[in-house]
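Working notes, structure below.
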Amino acid sequence: MKTTLVLALTTLMFASLPAAEPVPPKGFRALFNGKDLTGWYGLNPHSSAKLTGEKKDANHKQQREDFAKHWSVENGELVNVGTGPYATTDAELGDIEFLLEYKTVAKADSGIYLRGTPQVQIWDKNQVFNEKNPTRRPHLGSGGLFNNTPGTPGRDPLVLADKPFGEWNSFRIRQIGATTWVWLNGKLVVDGAVMENYWDKKQPLPTKGPIMLQTHGGEIRWRNIFVREIGEAEGKKFLAETQAKK
């Protein structure tokens, strides 16, 4: 009886403790503090893309107000059930190395917007390929630049790297200029592909913008969201080295 009571009290004690703050790797900083929504606001840019002036301002204001209704923090994880505006960083970022982990559910659809632009895609890889929609290929896995032109480099991932549902997936993303590299669970899935500007494909990718965590269709959880900004000299050096290897 005493042993059972001690175990119950110990379990209750640890359950009530706040989650530890995330510890970024050397050179990185945390964008999500693991405790609350500080540093983030709500925005689905698609819902206001055709609006202007006061209507657009009112839409953005409402999305900010709705943010905390759809997003929460549980056990150090940023959680959304598949509804509401996207989680958007206050920080405007340019050339970066970006790390995060996510866990999602069947039939959910998500992605990571870089500089406010869609997107590094997150799929349910178990979805069956539909021949009537041949450019939508969730069975190939996550990590591709889904909003690039079909058939272009990076649009679909190089390998299938998704883990089974219930397990955490880890992304490492490097963005220099308009060029994007993506590693999913340690596997290279996009190798230096140009990310197209979804909002206006005639224009280059913006030089800066927020990171946005898209959500719709089902629960998704995020944690260990870290970023390292890449300086101009480092970026140029890396691009030159990459070009020399081709």
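Coordinate-derived values only; no laboratory data. These figures come from a predicted structure and were not determined experimentally. Note that we place each Cβ from the backbone using ideal geometry, even for glycine, and neighbour counts take in every protein chain shown.
Counting only residues that are within 17 Å of Trp222 (Cα to Cα) and basic (Lys, Arg), which one in the range 18-61 is nearest to the chain's Cα centre (by Cα)? Here the answer is Arg29.
The set of residues in the range 131-154 being among the hydroxyl-bearing types (Ser, Thr, Tyr) and under 15 Å from Val189 (Cα atoms) consists of Ser142, Thr152. Residues that are surrounded by 15 or more Cβ atoms within 10 Å (Cβ to Cβ), free of Cβ contacts under 8 Å to residues at least 60 places away in the same chain and not β-branched (Val, Ile, Thr) within the range 71-100 comprise Trp71, Pro85, listed in sequence order.
Taking the range 190-246 as the range and being part of a loop (DSSP other than H, G, I, E, B) and either of a type in the set (D, E, K, R) or out of contact with any strand residue (DSSP E or B) (no Cβ under 8 Å at 6 or more places or on another chain) (or both) as the test, the residues that pass are Glu196, Asp200, Lys201, Lys202, Gln203, Pro204, Thr207, Lys208, Glu219, Gly231, Lys246.
Among the residues that make up the range 132-151, is at least one of them touching a helix residue (DSSP H, G or I) at 6+ places or on another chain (Cβ under 7 Å), more than 27 Å from Leu43 (Cα to Cα), in a loop (DSSP other than H, G, I, E, B) and not hydroxyl-bearing (Ser, Thr, Tyr)? No, that holds for no residue. Criterion applied to Lys132, Lys107 was being more than 18 Å from Thr215 (Cβ to Cβ) and either of a type in the set (D, E, K, R) or touching a residue at least 60 places away in the same chain (Cβ under 8 Å) (or both), and the one residue passing it is Lys132. Only residues that are over 27 Å from Val105 (Cβ atoms), of a type in the set (A, V, I, L, M, F, W, C) and either part of a strand (DSSP E or B) or free of Cβ contacts under 8 Å to residues at least 24 places away in the same chain (or both) were counted in the range 169-189, giving 2.
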